[in-house]
Amino acid sequence: MDNRALIPLYTNGDMINNLYTVVIEEFAEIKSESTRKLLTVSAITPLYEATCGKIMQGDLNVQLLNEFTSQKIEERVSIVITILSRLKNMLNEQSMLKVITNENDVANIKEFDFVQFTGELYKNPVLEYIEDIIRVMEMQLAFSPEPLENGDETQEHKVKRQVLKVLKDGMECCRAEKCIKFISGTIANSNTKVIVPLEIKHMADNLDYVEGARITVLGKVTRVPNGNQITNNNMLSGTYFDYLNEEYFKEFKNRFLKDTALIRDYDSNNLVIDGPVIEIIPIAMYI
C-alpha cells in the first residue's frame, strides 16, 4: 500500500532541523549564483564651464564606473515536515537509512544506525498502572463520596485527596520534564523489541493515538542487544515511580482502593522484556 500521504504524530523539530543541517553540510552540494552589474555614468560639458572661463574652447568628457557583485546562496529553510521528507530522501541516497522489514534486517542493525520500522508501541507498564490508579481514585471521589462527619470530610478522605494530588503532580512532572518510554511489540517477524523514549512536547497530536497502534518510527540506534535479558532498568522514568514494586502497590491498593474490581493487581513481570531489545532516539513517528 502507498503510504506517502503520511500523518505525523511525533516530530522532534529541533533534532530534525539540526540533523538536516548536518546532512546538508556533509553530503549536499550547496548551489550559489553570482551576479555582476556595471553602472556607468557619462557626462560631457564645455571646458569654459568646468574651468570658470579660464579655457574657452573644448569639451570635458567625464565617466564614472561602479561595479556591483552580489551572490545568492540557495536557501534550505522550510517547515519541519518538508525537511523531514527531504532528510529521509538524503539518508536513503547516502544508504544511511535501514528500513526494517524482515528478520535479517533486524539482525544487521548496529549502534548509531538510522532505522525505520513499523509496529505497535505500548507505554511503560508502571506509568500506565499509575494512570489507572489516578482514574479509579478520581471516579471514587466523584461518584462514591464518603459521608461527611459534622459537615466535614473525614481525615481518610482528606488524605486520599492529598495522595491523588501527589500522584497527578508526579505524572505531570514526568510528562513535562522526562521521556515517556514506550516498548514496541516484536518487529519485522523477529523476537526483537524496540524501546522508544518520547518527549510529550514533540507530540503533533494526542498521545493516545500511539498506544497499541501500528506506527512507523524513524530514529537512530543508541543501544543494541548484548545477549542478556533486559530488565526494568531500561524502562525507568527518572521519577520516584521507578522505586515502586508489587509490595508498594498492594499496600496502596488495600488502603485507598478497597472493595473495587476496577483495577487489577500490579504484576512486576510486565516490566521484564524477553528477548533482544534495541533502544533508539526517535526523530519522527507517523502513520
Among the residues of the range 208-217, is there at least one that is modelled with pLDDT under 90, closer than 17 Å to Pro125 by Cα and crowded, with 18+ Cβ neighbours inside 10 Å? yes
Within the range 173-195, can one find any residue that is open to solvent by 70 Å² or more (accessible area, probe 1.4 Å), of a type outside the set (S, T, N, Q) and closer than 29 Å to Lys88 by Cβ? yes
Output the residues belonging to the range 118-141 that are open to solvent by less than 10 Å² (accessible area, probe 1.4 Å) and either over 28 Å from Thr192 (Cβ atoms) or of a type in the set (Phe, Trp, Tyr) (or both). Tyr129, Ile133, Met137
Which count do you get for residues in the range 57-98 that are outside any loop (DSSP other than H, G, I, E, B), open to solvent by less than 70 Å² (accessible area, probe 1.4 Å) and at pLDDT 80 or above? 8
Quick one: in the range 122-175, which of the residues that are within 19 Å of Asn254 (Cα to Cα), part of a loop (DSSP other than H, G, I, E, B) and out of contact with any His (no Cβ under 7 Å at 6 or more places or on another chain) is modelled with the lowest pLDDT? Pro145
Identity of the residue in the range 253-275, open to solvent by less than 40 Å² (accessible area, probe 1.4 Å) and not β-branched (Val, Ile, Thr), that ends up modelled with the lowest pLDDT: Leu271
Test Phe112 against the criterion of being outside any helix (DSSP H, G or I), out of contact with any Pro (no Cβ under 6 Å at 6 or more places or on another chain), open to solvent by 60 Å² or more (accessible area, probe 1.4 Å) and within 20 Å of Ile16 (Cβ to Cβ), and give yes or no. yes
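The values are calculated or read from the model by the stated rules, or taken from the named source; none is laboratory data. On a predicted model such as this, the values are computed, not experimentally measured, just so you know. Don't worry about glycine lacking a Cβ; one is built from the backbone with ideal geometry, like all the others, and counts go over all protein chains shown. Surface areas here come from the heavy atoms of the whole protein model, side chains and all, with no ligands, DNA or RNA. Shrake-Rupley method; radii C 1.70, N 1.55, O 1.52, S 1.80 Å.
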